[in-house]
1. Can you report the number of residues in segment 41-63 which are among the acidic types (Asp, Glu) and more than 29 Å from residue 92 (Cβ to Cβ)?
2. Pull up segment 22-38, narrow it to residues that are touching a residue at least 24 places away in the same chain (Cβ under 8 Å) and under 22 Å from residue 187 (Cβ atoms), then point me to the one that is surrounded by the most Cβ atoms within 10 Å (Cβ to Cβ).
3. Looking only at segment 136-195, which residues are more than 20 Å from residue 17 (Cα to Cα), touching a strand residue (DSSP E or B) at 6+ places or on another chain (Cβ under 9 Å) and not in a helix (DSSP H, G or I)?
4. For residues that are more than 17 Å from the chain's Cα centre (by Cα) and at pLDDT below 95, tally how many sit in segment 151-188.
5. Can you confirm whether residue 92 is within 22 Å of the chain's Cα centre (by Cα) and among the β-branched types (Val, Ile, Thr)?
6. Please specify each residue of segment 96-137 satisfying the condition of being touching a residue at least 40 places away in the same chain (Cβ under 8 Å) and among the charged types (D, E, K, R).
7. For segment 166-193, how many residues are touching a residue at least 24 places away in the same chain (Cβ under 8 Å), closer than 26 Å to residue 137 by Cβ and not polar (S, T, N, Q)?
8. Which one is nearest to residue 176 (Cα to Cα) among residues in segment 84-136 that are among the β-branched types (Val, Ile, Thr) and loosely packed, with under 15 Cβ neighbours inside 10 Å?
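The values are calculated or read from the model by the stated rules, or taken from the named source; none is laboratory data. None of these values were measured; they are calculated from a predicted model. Virtual Cβ from ideal backbone geometry, glycine too; neighbours counted across all protein chains shown.
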Amino acid sequence: MALIENLQWRHATKAYDPTKKVSQENIGKIVEAARLAPTSSGLQPFRVIVVESQEVREKLIPGALNPECMRDCSHLLVFAAWDKYTPERIDTIYGRTTEERGLPEGRFNSYTDMIKQLYASQTEDQHFTHTAKQSYIGLGLALAQAAELRIDSTPAEGFNNQIVDEILNLAKLGLKSVSLMYVGYRDAERDWLAPMKKVRNPIEDFAIYI
């Protein structure tokens, strides 16, 4: 029941204590949880940008709907997805998979040929819709790992993607921002949500058994 207890503990923190910093070890664990997330065809079509620099976060504040969280959190994680699928990207991950598993070269060619053909028939907008969805799996696991460590966090879609993409030069990496995750420790006096009861739909309304 540890995971359930951790999820009951966490909430979307509304105010952070800027004097408290998350250790590099724990940031590493949170990022590792996202890295281990399952993804379609195992392609890992997203990356996590860890923004430690206060100077960079100050530049990002104009595009944030919760600027105080951006300013005061310990670290900002930006979940950014591939802008498109390409044969080269597919070959890179499957080449690594083949090598690390000690399999014959070309072991997955029939499968990679199939998914290359599939993505070739789609638009880049369709690609990004798919890769962005994959990134949310990583975000969810990162939130759960932070809760296990009793580190506060706030997932956010409320930001100007263009500002984030430009300041972080994501286009050069073939990435587009999808979501943010503020990480740190709550300011108990200013975090108005902290003392409130966690409210969700009752299980009988939420789960539908057929």
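1. 2
2. 30
3. Selection gives 157, 158, 159, 160, 168, 174, 175, 176, 177, 178, 179.
4. 1
5. Yes.
6. Across segment 96-137, the qualifying residue is only 124.
7. Within segment 166-193, residues that are touching a residue at least 24 places away in the same chain (Cβ under 8 Å), closer than 26 Å to residue 137 by Cβ and not polar (S, T, N, Q) number 17.
8. Going residue by residue through segment 84-136, those that are among the β-branched types (Val, Ile, Thr) are 86, 90, 92-93, 97-98, 112, 115, 123, 129, 131.
Among the residues that remain, those that are also loosely packed, with under 15 Cβ neighbours inside 10 Å are: 92, 97, 123, 129.
On the way: 92: 20, 97: 25, 123: 16, 129: 11 Å.
Across segment 84-136, the extreme among qualifying residues is 129.
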